[in-house]
Every structure is written in structure tokens, then in C-alpha cells.
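The values are calculated or read from the model by the stated rules, or taken from the named source; none is laboratory data. Here the structure is a predicted model, which means the values were calculated and not measured. So basically every Cβ, Gly included, is an ideal-geometry build from the backbone, and we count neighbours across all protein chains shown. Accessible surface areas use protein heavy atoms only, side chains included; no ligands, DNA or RNA. Shrake-Rupley method; radii C 1.70, N 1.55, O 1.52, S 1.80 Å.
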Amino acid sequence: MRPASASPQTPADSAPGPDLDPGLAPNPGPDADQRPTARRFAGVATMVASGLSNQTGAASGSHAFPVLGPLGVVAVRQYVAAIVLLAVGRPRLRAFTWWQWRPVAGLAVVFGTMNLSLYSAIDRIGLGLAVTLEFLGPLCIALAAARRRVDACCALVAAAAAVTLMRPRPSADYLGMGLALLAAVCWASYIMLNRTVGRRVPGAQGSAAAAGLSALMFLPVGIAIAVRQPPTVSAAVYAVTAGVLSSAVPYLADLFTLRRVPAQAFGLFMSVNPVLAALVGWAGLGQDLGWTEWISVGAIVAANALSILTRRG
């Protein structure tokens with residue numbers, strides 16, 4: 001899951017320059033036509049790298065579970081996210097009012113709970129299934145706000161796929177699935193709170209403050225884990241790598257991407273993350289999914305993609 005960050009706004013198109021006489025207008029040359037294509041290609045390449053980085057970071061963190069546990073890995077990830085976001089957002093904390101601090105505090109709690117429940121779910125049911133169930137949170141937010149028949153059909157497809165993923169079977173880990181659904185609820189809450197924070201606090205200051213506050217909440221946890229069972233060098237490296245790949249890289253990549261691709265295309269690509277998670281879990285962790293699970297993951301991704309592609313404007 002990405003770090004708590006206010007969604008960067010896509011910059012408006014540059015204002016046109018003074019009118020020129022058509023006969024005097026310079027020939028833009030072939031390079032001018034290639035620039036938008038090159039910019040979009042760079043944006044798409046960045047989205048692919050960001051998605052793979054996010055899921056590879058989660059896979060890296062799972063290697064530290066035997067030593068640090070999901071709680072310890074999440075604590076380290078919160079520290080890394082706080083360092084990056086505080087450096088980028090540079091919040092003026094003393095200028096915050098109580099009216100601004102309330103949603104920031106709520107965002108901090110949701111951010112920490114979301115990552116902890118997701119990583120605990122990954123530890124129990126694997127990366128692909130956990131990320132797919134977590135993705136139901138933003139999908140439900142998007143579909144609930146729609147009033148079209150196609151969105152109702154997409155919601156039914158996603159619900160059927162979720163039921164299939166959670167169907168009763170001897171190997172089912174319902175606690176792990178429940179934790180993934182808790183992460184989904186937290187992600188949906190994160191979206192709603194992020195909107196409020198974005199309205200009340202300028203720029204990325206609110207998100208940075210939330211990340212810093214969340215890191216402070218996990219500071220006693222990190223100290224307790226380090227004192228009780230000092231981490232090995234490899235476990236610490238895995239945990240820090242998870243923080244960098246799943247927090248720092250995606251956040252900075254999103255800032256770059258949203259300046260080069262339309263918001264609709266960005267949202268469409270985000271729906272592919274469950275597939276990337278399943279592939280990374282299979283290739284990097286040996287977590288294979290059956291055909292039923294693959295079809296269900298594909299159905300959830302397709303439902304979101306169809307909803308986005310059929311929207312106007």
C-alpha cells in the first residue's frame with residue numbers, strides 16, 4: 001500500500017502564448033509531435049516501476065517476518081515513510097489548528113492500522129490474496145459514488161469474486177482474510193480522510209504530519225521489539241527495503257506520473273496492483289494461486305477497469 005499522501009493534482013495545461021500570424025508561425029518540427037508521446041511513455045514506465053516496487057517492497061518485508069514479525073516490519077516502514085514525507089511536505093506543525101489536527105490524527109491512526117493489518121494478512125494468506133482483498137476498499141468507494149447500471153454490474157462482479165476468494169475450504173485462513181478486509185476498510189477510510197486533510201491543510205503538509213505522527217505511535221513498538229529481540233542485519237535490511245520500495249519510491253513516482261498521464265489512466269493502472277502482487281508473490285515468495293483465485297483476482301481488476309473506462313470526462 002502506498003504511503004499516506006495527498007493525491008498530487010495533475011497540473012493544468014500550460015496557457016497558450018500570444019497569437020501568431022499563421023504565415024509567421026515557426027515550424028514545430030517532428031520533435032514537437034513526439035514529445036507528448038514520449039512524456040506519456042515515461043509516465044507509463046514509471047507507473048509499472050512504481051507498482052512493481054510497491055509489491056516487491058511488501059515481499060521484501062515478508063522475509064523479515066520470522067525475526068521482526070509484521071508489527072516490527074510495519075514499524076520500520078512507518079519510520080521510512082515519515083522521513084520521506086516530512087522531507088517533501090515540510091509541515092509547519094506549530095501553525096496547525098485543532099480543526100486541522102483532528103483529521104490528521106485520524107489519518108495517522110488509519111495509516112498505521114492499514115499497513116499493520118495488510119502485512120499481518122500477507123503473513124497468513126500470501127501477498128496476492130491479501131492485496132486483492134485490500135483493493136476492495138477503494139473499489140467500493142468508487143462504485144458507491146456511481147449511479148450507473150454498468151457500475152452496479154461491476155459491483156456485483158467484484159462481490160462475487162470476493163465471495164469466491166473467501167469460500168469455505170479446509171485450507172482457508174479466515175483470520176488472514178479478515179485482516180485483509182480490515183485493511184480494505186482502512187484504505188477506504190484513508191481515501192475519505194485524505195480528502196478532508198487535503199481541504200484543510202495546504203499541499204502535502206497534512207499527509208506529512210500524519211506520517212510523522214504515525215511513526216511516533218510505532219516508536220515504542222520498535223524500541224520494545226529491538227530490546228526484546230535485537231534484529232539481525234538481514235532482517236533490518238529487508239524491513240528498511242520494504243519501507244523504501246513500498247513508501248518512498250511509489251510516492252515520488254506518483255508525483256512524476258501524474259504530470260505525464262491523465263488521471264483516468266493513472267486510476268486504471270492502479271487496478272492492476274492485485275495482479276502485480278500475485279505475480280511478485282508467485283515469483284519471489286513461491287506463493288502460488290489456483291485457477292479459481294486467479295480468475296477471481298482478474299474479475300476484481302476487470303470490474304474496476306470497466307468502471308473507469310466507461311466514465312465520461
Subset of segment 296-313 (residues that are touching a residue at least 40 places away in the same chain (Cβ under 8 Å) and open to solvent by 40 Å² or more (accessible area, probe 1.4 Å)): Ala302, Leu306, Leu309, Thr310, Arg311
For segment 108-125, enumerate the residues that are open to solvent by less than 10 Å² (accessible area, probe 1.4 Å) and closer than 19 Å to Asn273 by Cβ. Phe111, Met114, Asn115, Ser117, Leu118, Tyr119, Ala121, Ile122
Report the residue count in segment 244-258 for those that are farther than 16 Å from Ala108 by Cα and open to solvent by less than 50 Å² (accessible area, probe 1.4 Å). 10
Taking segment 280-291 and the residues there that are over 16 Å from Gly61 (Cβ atoms) and touching a residue at least 40 places away in the same chain (Cβ under 8 Å), the one that is most open to solvent (accessible area, probe 1.4 Å) would be Trp282
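Taking the options Leu245, Leu255, name whichever one is assigned to a helix (DSSP H, G or I) and either touching a Lys or Arg at 6+ places or on another chain (Cβ under 9 Å) or at pLDDT below 90 (or both).
Every option except Leu255 fails the conditions.
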Tally the residues that are without any contact (Cβ under 8 Å) to a residue 60 or more places away in the chain and of a type in the set (S, T, N, Q), restricting the search to segment 90-114. 1
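Table: residues versus (1) modelled with pLDDT of 90 or more; (2) buried (at least 21 other Cβ atoms within 10 Å of the Cβ); (3) part of a loop (DSSP other than H, G, I, E, B).
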{"position": "Asp31", "(1), (2), (3)": "no, no, no"}
{"position": "Thr37", "(1), (2), (3)": "no, no, no"}
{"position": "Ala42", "(1), (2), (3)": "no, no, no"}
{"position": "Leu52", "(1), (2), (3)": "no, no, no"}
{"position": "Ala59", "(1), (2), (3)": "yes, yes, no"}
{"position": "Gln78", "(1), (2), (3)": "yes, yes, no"}
{"position": "Trp99", "(1), (2), (3)": "yes, no, no"}
{"position": "Pro103", "(1), (2), (3)": "yes, yes, no"}
